[in-house]
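Below is one structure, written out as structure tokens, with a few remarks after it.
The values are calculated or read from the model by the stated rules, or taken from the named source; none is laboratory data. Because the structure is predicted, anything quoted here is derived from the model rather than measured. Virtual Cβ from ideal backbone geometry, glycine too; neighbours counted across all protein chains shown. In case anyone asks, the SASA skips ligands and DNA or RNA and just uses the protein heavy atoms, side chains included. Shrake-Rupley method; radii C 1.70, N 1.55, O 1.52, S 1.80 Å.
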Amino acid sequence: MLPERISGLERLARNLWWTWDADATALFESIDPGRWHATHHNAYALLCEADAARLEALAADEAFAVRVDDVVARLDAYLAADGWCKTGSPAVAEAGVAYLCMEYGLHESVRIYSGGLGVLAGDHLKSASDLGIPLVAVGMLYRRGYFRQVIDDGQQLVAYPEADFKRLPVVPIMDDTNKQVFIEVPIGTRTVKARIWRLDVGRVPLLLLDTDHELNSGSDRALTHYLYGGDQETRIQQETLVGIGGIRALRKLGYKFGVAHMNEGHCAFAALELIKELVDEGATFEEASVAVRHKLVFTTHTPVPAGHDRFPYDLLDKTLGPYRKAQELPQGAHVDLGRVHPGDWNEPLCMTVLALRTAGKANGVSELHGMVSREMWHGMWPKLKVDDVPIGHVTNGVHPIFWMAPEMRTLLDARIPGWRDRTWDQSLWAALDDVPDEALWNVRQRIKRNMIATLARRTGRRLDPNLLTIGFARRFAPYKRGDMLFTDPDRLAQLLEAGPFQVVYSGKAHPADAEGKKVIRNVLRWAASSRFRDRIAFVEEYDIEIGRTLTTGSDVWLNNPRRPQEASGTSGEKVLLNGGLNLSILDGWWAEGWDGTNGWAIGAEHVHGKRPEDGNLGDIPTTDAADTESLYRLIEHEIIPMWRDRTDGVPHAWIRRMKRSMATGIPRFNTHRMLKDYVEQLYAPLIEGAPVADDFPQDETVEAGVRPV
Ligand SMILES: *Cc1c(COP(=O)(O)O)cnc(C)c1O
């Protein structure tokens, strides 16, 4: 129990708004810095565990109490304000939006995410809240979540610690008689019951489904234990829960929405439930599967064919057969919606196809990824030209406040009024030219020292604040080529000497990804070698805290995927918010962002255009070798000389590049702009009744058939 005078802290701790408010964050840290770090910056757990005498002392400290009052007053003002949507898009403000995703990366203390998809979804919610978009989100509350990485003897080990929901800022949804609310989800012949927790993200409620309670049997209880941890059968059951259960939770709690946004194919079963609702109101199944397009938006994130969830018919039938039969639908009804060629009984159900077929608006997550997706799914619309395949693009962004170091926010508040609300307004950012180089450089040095302190606390290792620091943190999937810098160790050694510079690595490989784990082992081996260990560090357990630390503090951010396999990537967008510079392959967002003056493009000499095939040198070894050569040359001939070129200790040419990077990048690669695009290009047109993609102009229409025996 908190002392009355500072009881406002509990309200603050229960709304993740505090995670992107610097004063609120500082307030919690000041209560007990040691416990703050020990709880992994979990404000709610901190209050639960804080020393009673310390809280009494703080309540008696009027200066502290007034700070609490001020921050609570700002939260109240934030929750009551209108935001952009009310005038920016009245139709959406009136109708509301539902958003479904398998994972949410909101903060390091809420471990229901694995990586980029979740972080994007988390930023989507934060910006929807800031812009006043009436959005309600649905996901799952994982008991153990995604794995924690422990590095031991050069190997990646995994751990799955259990979360204590009582220590999270989630509240169970109760009914009028104070009983927990449950929804029922059909899985096989069973009815699985899920309870619903609410997590407040500013003004946006995030509903989290949880099957781990005594009304379910053992294996059903385990359904919400692991994120991306189980076999195919667990996966289809989880996707049933988030899709069908997601819609049922929204209905049960009375949320209205004009559109539902399926973020990645995992949630595509939501379409089956919306179709069922229309059938229950009297439509035929065929009518309903067309009509549902006026309500559904779909975003695809995967540029690699093998990355899309596919389920064989038998598994679908085992999981959702009873659901289908209860609706008296023919055997092929559901599966055909998820097939490129309906009626082809050799074809499994693909969640992406199901989502594309049932959504009235669909998009990839960068211009290049839009093209790759139209190419990849052309088979669904064989009569259309590739460019006419109805998949557009909205380029991913990052939340412009959460991912920016407080020191930089303060500088921009003073220099660029309005940047927090009209982040997308390009005209605001010319004012960066007027910021004195020394002022910007001082902020950079402070942010970098904070990074070094955080890394020292997390790893015991202290980097050199005066050295050029290159950061590399991401999932270790083979296409990201995480060990590219070590291709020619002698050359790397020369460069490290010439710089000198240091490199910080972080990242996980999925436990089932043998190739990815090999890449980590290779990086770990070099980082531990006597040759490189003074200059190369590997930080274990890449999470949102490490992501925030490295993207704020690194001078240069390295990203070298095999083009065009990076759908968008977002970590480099975090870097430019903080004045760091990108050194990246022209893939994903960077293919749109680079202009020759605002960072460096690896392989620019052989990638001249914007089509996926541009710069395709043929086989993988040839491309890898050319990209590696380009990377070494950029470091040697451009980055090191520019870093060393100083007047009175200040690198003016470098800072000119920083200002270009910020002025060209910040207004475009942020989620405020991204949400505005989703509202204006996808949500509002559907809500206002714009025509949607026709039914599929297939050469042959196949009736929803019966499987041949
Ligand atoms: C930003 C972020 C990502 C996504 O970045 P990519 O550029 O897509 O790799 C993944 N994980 C964490 C923890 C992040 O903060």
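The slack in the chain from R420 to D152, taken as 0.36 nm per residue of separation less the alpha-carbon distance, amounts to 92.2 nm.
Gain on full extension, evaluated as 0.36 nm per residue between A514 and R461 minus their Cα-Cα distance, stands at 16.2 nm. Between A493 and D387, the FRET efficiency estimated from the beta carbon spacing at R0 = 51 angstrom works out to 0.60. Net charge in the neighbourhood of E680 (other residues with Cβ under 12 Å of its Cβ; Lys, Arg +1, Asp, Glu -1) is +1.
Each Cα pair under 8 Å and six or more residues apart adds its separation to the average, and for segment 492-638 the resulting relative contact order is 16 percent. Within the same chain, lysines fewer than 8 places from K574 are excluded, and of the rest, those with a Cα less than 30 Å from its Cα are K86, K126, K361, K448, K480, K508, K517, K518, K610, K659, K676.
Once you sort the root eigenvalues of the Cα gyration tensor of segment 4-80 as a ≥ b ≥ c, which label holds: rounded (a/c under 1.5), prolate (a/b larger than b/c) or oblate (the other case)? Note, shape of segment 4-80 comes out oblate. Taking every alpha-carbon pair under 8 Å whose residues sit at least 6 apart, the chain reaches a relative contact order of 14 percent.
Keeping all protein chains in place and using 1.4 angstrom, which order do S373, S427 fall into by accessible surface area, from largest down?
Sorted descending by solvent-accessible area, the residues read S427, S373.
In sequence order, segment 53-70 has phi-based couplings of 5, 5, 5, 4, 5, 5, 5, 7, 8, 4, 4, 5, 4, 5, 4, 4, 4, 4 Hz under the Karplus curve 6.51 cos²θ - 1.76 cosθ + 1.60, θ = phi - 60°, and Gly or Pro positions carry x. Each Lys or Arg adds one and each Asp or Glu subtracts one; over the other residues with Cβ under 12 Å from the Cβ of N522, this totals +3. Rolling a 1.4 Å probe over the protein chains gives S289 an accessible area of about 10 Å². In plain terms, the bigger the Kirkwood radius, the slower the diffusion; for segment 411-669, with that radius from Cα pairs, at 10 °C and 1.306 mPa s, Stokes-Einstein puts D at 85 µm²/s.
Here's the picture: a label point sits 7 Å out from the Cα of E184 along the beta-carbon direction, and within segment 250-271 the residues with their amide nitrogen under 15 Å of it are 252.
Neighbours of I236 by Cβ distance under 12 Å: Lys/Arg scored +1, Asp/Glu scored -1, total -3. When all protein chains stay in place and ligands, DNA and RNA are ignored, the 1.4 Å accessible-area order of V539, V279, largest first, is V279, V539.
Here r is the Cβ-Cβ distance between F165 and D314 and R0 is 25 Å; the resulting FRET efficiency, rounded to 0.05, is 0.10.
Here, segment 203-361 yields an orientationally averaged convex hull projection of 10.3 nm² when only Cα atoms define the hull.
Taking the Cα centre of segment 4-80 as reference, the dipole from Cβ charges on Lys and Arg (+1) and Asp and Glu (-1) amounts to some 200 debye.
Judged by the ratio a/c of the largest to the smallest principal axis of the C-alpha gyration tensor, the chain counts as oblate, that ratio being 1.5 or greater while a/b is no larger than b/c. Label positions at T622 and E638, each projected 7 Å from the Cα along the C-beta direction, are separated by 2.4 nm.
Probing with 1.4 Å while keeping every protein chain in the model, the per residue accessible area of the chain equals 38 Å².
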